[in-house]
Amino acid sequence: MFIAFLFLTLGYVIGAISTGYFFCRYFFKVDITEHGSGNSGASNVARVLGKKYFIIIALFDVFKAYALLALGQFTIGLYYLPALFLYAMMAGLLIGNAYSMFLSFRGGKGVATALGIMFFVLVWHICGLFMTSWLLLVTVTREPFIASLVSISVVLGVLLAYGNPEQALLIGTIALWLLFRHQANIIAWIKKYKNTPIVK
């Protein structure tokens, strides 16, 4: 139990190191949490500083999650620990990203971190499906949160149809987490279109 807690804690600390926040602070002297949506993720950085910075922040967050899980897997293999400890690390990464101790327990939505986890767990073409779906949807809807939620739902559907139950359960859990983290976006989007007059 103690070792599982260590994996959870390490995941939390690494997840809490906000790429978007420190990037904006160091290079632009901007506190990203005081602008846009107040989140420190790639979408808000792109909203505030420009779309070209989206991919920089997203790639760092994807790599950070993937690299830590690879290190965790190496440690598990080295000391013959239960593979389930990796799930504690994944949970820590997502919680740390969302509620960073460095940002007064604020953070990002967790999409890039979730993608890093997916790259570690799933075959690459399934991750490619997520990214392709995301790009198409964000182009059409102009809403990153819609693209993210629909794309992970597509991945979950494929796993339920062709994957193994363990992967489907993991991705389903992550999808629920992203849904929870995006609830404010969903409510704002519903209100926006509810108040939009119908053009006849």
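Derivation of every value follows stated rules applied to the coordinates shown; laboratory data play no part. Only a predicted model underlies this, so the values are computations on that prediction, with no experimental measurement involved. Note that each Cβ is placed from the backbone with ideal geometry, even for glycine, and that neighbours are counted across all protein chains shown.
Taking the Cα centre of the chain as the origin, how large is its charge dipole in debye, to the nearest 20, when only Lys and Arg (+1) and Asp and Glu (-1) carry charge on their Cβ atoms?
The calculated dipole for the chain is roughly 780 debye.
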**OP:** Find how much the distance from His125 to Phe5 grows on full extension, using 0.36 nm per residue of separation minus their present alpha carbon separation; answer in nm with one decimal.
**Re:** 40.0 nm
Subject >> Total formal charge among the other residues, if their Cβ is under 11 angstrom from that of Ala188, Lys/Arg +1 and Asp/Glu -1 >> reply: +2
Subject >> Rounded if a/c under 1.5, otherwise prolate or oblate - the stretch 86-200, Cα gyration tensor axes >> reply: oblate
Original post:
Under a plain spin-label model, where a point goes 7 Å from the Cα along Cα-to-Cβ, how far apart in nm are Phe180 and Thr139?
Top reply: 3.4 nm
Original post:
Does the chain classify as rounded, prolate or oblate by the C-alpha gyration tensor (a ≥ b ≥ c root eigenvalues; a/c under 1.5 gives rounded; else a/b over b/c gives prolate, otherwise oblate)?
Top reply: oblate
Original post:
Quick one: helix 183-194 against the long Cα principal axis of the chain, what's the angle to the nearest 10°, folded into 0 to 90?
Top reply: 20 degrees
**OP:** Report, to the nearest 10°, how far helix 144-162 tilts away from the longest principal axis of the Cα atoms in the chain, using its own Cα long axis and a range of 0 to 90°.
**Re:** 50 degrees
Subject >> For Ala46, net neighbour charge (Lys/Arg +1, Asp/Glu -1) across residues whose Cβ lies under 15 Å away >> reply: +3
**OP:** Express in whole angstrom the spacing between the alpha-carbon centres of the stretch 138-189 and the stretch 1-59.
**Re:** 20 Å
Original post:
Using the Karplus equation 6.51 cos²θ - 1.76 cosθ + 1.60 (θ = phi - 60°), what ³J(HN,Hα) coupling, rounded to whole Hz, does each residue of the stretch 48-54 give in order, writing x for Gly and Pro?
Top reply: 8, 9, x, 4, 5, 8, 4
Subject >> Estimated 222 nm signal from helices in the chain, with DSSP H stretches of n ≥ 4 weighted -39500 (n - 2.57), rounded to 500 >> reply: -25000 deg cm²/dmol
